[in-house]
Amino acid sequence: MTQAIRPILFFDSGVGGLSVVTPTLALLPNAPIVYAADSAGFPYGTRSEGEIAARVPALLGRLVERYRPRLVVIACNTASTIALGAVRAALDVPVVGTVPAIKPAAAMSRSRVIGVLGTQATVRQPYVDDLAARFAADCTVLRHGSAALVELAEAALAGVALPPGAVAGELDGLVGQAGGGRIDVIVNACTHFPLLEDAMRAVLPGVAFIDGGPGIARRIVALTEGQAFPDAPSPGKLVFTRLGEREVALGAALQARGFGVVEAL
């Protein structure tokens, strides 16, 4: 396989990683893309650390063997906070992880109260404690884990209307905490959540939302600087670890966004 056609492999439990693919293609429009969703393991946010630590490196090993990417992007906060080190040790290609954007959120906040909205598995990680201590020591950092928002994002992408009040109810788990009314920046620490950002802004119009997607895209550009890419864009490959009705619906929605034929791992 020539360097120019070697893809960038994006990996997530579901379709949340699209929030990383989109800014990447804005900077590298001709980059070949393979998007792999572990639909058989979805959602990661309610799984144990042990399950994720065992599952993610094994799956990525199979994906790298099949697709020979130039770069792997773990476009999932939960998988990154738990398994990034093991994946990097196991693979012989560069691996980019997803980090909750606590540092830029702290730089933006005027009230010095920021929210971190992620999955249950992400918000309880010591890695998040470390980021808050290093970059937001003078802030109050409130957290909320929501599995429901992950499901809502997947459904919305497949064309299902959001139930009235569903997003507001989940956001209340964050802003309804003591001191939550002073939050002026919310970190979307799950790659699914930017897919719901318009609905979130409608609920909290005075709050800024930030995620790691644009920063990851810039990191991908830096790591691939000087590499050859095709002369024109091509449809991305879409891979699921399980193909059921839900995946067929998601695949159709993603084909409308420029992806090609759906494949099974």
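The values are calculated or read from the model by the stated rules, or taken from the named source; none is laboratory data. Quantities reported herein were computed from a predicted structural model and do not represent experimental measurements. Using ideal geometry, Cβ is built from the backbone for each residue, glycine included, and neighbour counts are taken over all protein chains shown. Each accessible area value is taken on the protein alone, full model and side chains, heavy atoms only, with ligands, DNA and RNA left out. Shrake-Rupley method; radii C 1.70, N 1.55, O 1.52, S 1.80 Å.
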| Per the Kirkwood definition applied to all pairs of different Cα atoms, how many angstroms is the hydrodynamic radius of region 165-265? | 16.9
| remark: Output for region 88-156: trypsin sites (Lys or Arg not before Pro) sitting in coil per DSSP, at most 16 other Cβ within 10 Å, listed by number, reads Arg110, Arg112, Arg124
| field | Three-way shape call for region 1-110 based on the alpha-carbon gyration tensor, with the a/c threshold at 1.5 | value | oblate
| note | D (µm²/s, integer) via Stokes-Einstein for region 68-222, Kirkwood Rh across alpha-carbon pairs, 4 °C, 1.567 mPa s: value 81
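In the chain, what percent of the accessible surface is made up of carbon and sulfur (1.4 Å probe, ligands and nucleic acids excluded)? Can you show the working numbers first?
Details: 6040 of 10910 Å².
Carbon and sulfur together cover 55 percent of it.
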| said: Taking a ≥ b ≥ c as the square roots of the Cα gyration tensor eigenvalues, with a/c under 1.5 meaning rounded and otherwise prolate when a/b beats b/c, else oblate, which class fits region 75-161? | reply: oblate
| query | To the nearest 0.05, what FRET efficiency results for Arg218 and Thr22 with a Förster distance of 22 Å applied to their C-beta separation? | reply | 0.95
| Relative contact order of the chain, defined on C-alpha pairs under 8 angstrom at six or more residues apart (%) | 27
| field | Surrounding net charge for Arg110, when Lys and Arg each add one and Asp and Glu each subtract one, Cβ distance under 14 Å | value | 0
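Using a Förster radius of 41 Å, what is the FRET efficiency between Val203 and Gln3 based on their Cβ-Cβ separation? Nearest 0.05, please.
On the way: r = 45 Å, r/R0 = 1.11.
Taking R0 as 41 Å, the efficiency between Val203 and Gln3 is 0.35.
At a 10 angstrom cut-off on C-beta neighbours, averaged per residue, how do the peptides 240-249, 194-203, 29-38 rank from highest to lowest? Don't skip to the end; give the middle numbers.
Working: 240-249: 15.8, 194-203: 17.4, 29-38: 21.7.
Order by mean packing, descending: 29-38, 194-203, 240-249.
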| query | Taking only the alpha carbons of the chain, what extent do you get along each of the three principal axes, in Å, biggest first? | reply | 55, 38, 37
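So for each of 42-51, 95-104 I average, over its residues, the number of other beta carbons within 10 Å; can you give me the resulting order with the highest mean first?
Values: 42-51: 17.7, 95-104: 22.6.
Highest mean packing first, the order is 95-104, 42-51.
Could you state, as a whole-number percent, how many of the C-alpha pairs of region 61-110 are farther apart than 16 Å? Don't skip to the end; give the middle numbers.
Working: 581 of 1225 pairs.
Pairs farther apart than 16 Å: 47 percent.
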| remark: Relative contact order as a percentage, region 112-265, C-alpha pairs under 8 Å and 6+ apart, gives 23
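Show that you can apply the helix-only estimate: for the chain, add -39,500 (n - 2.57) for every DSSP H stretch of four or more residues, divide by all residues, and state [θ] at 222 nm to the nearest 500.
Counting only the DSSP helices, I get -13000 deg cm²/dmol.
Kindly state, as a whole number, the per residue volume in cubic angstrom of the convex hull around the alpha carbon atoms of region 218-265. All intermediate terms of the calculation are to be shown ahead of the outcome.
Numbers: hull volume 5.5 nm³, N = 48.
Spread over its residues, the Cα hull of region 218-265 gives 115 Å³ apiece.
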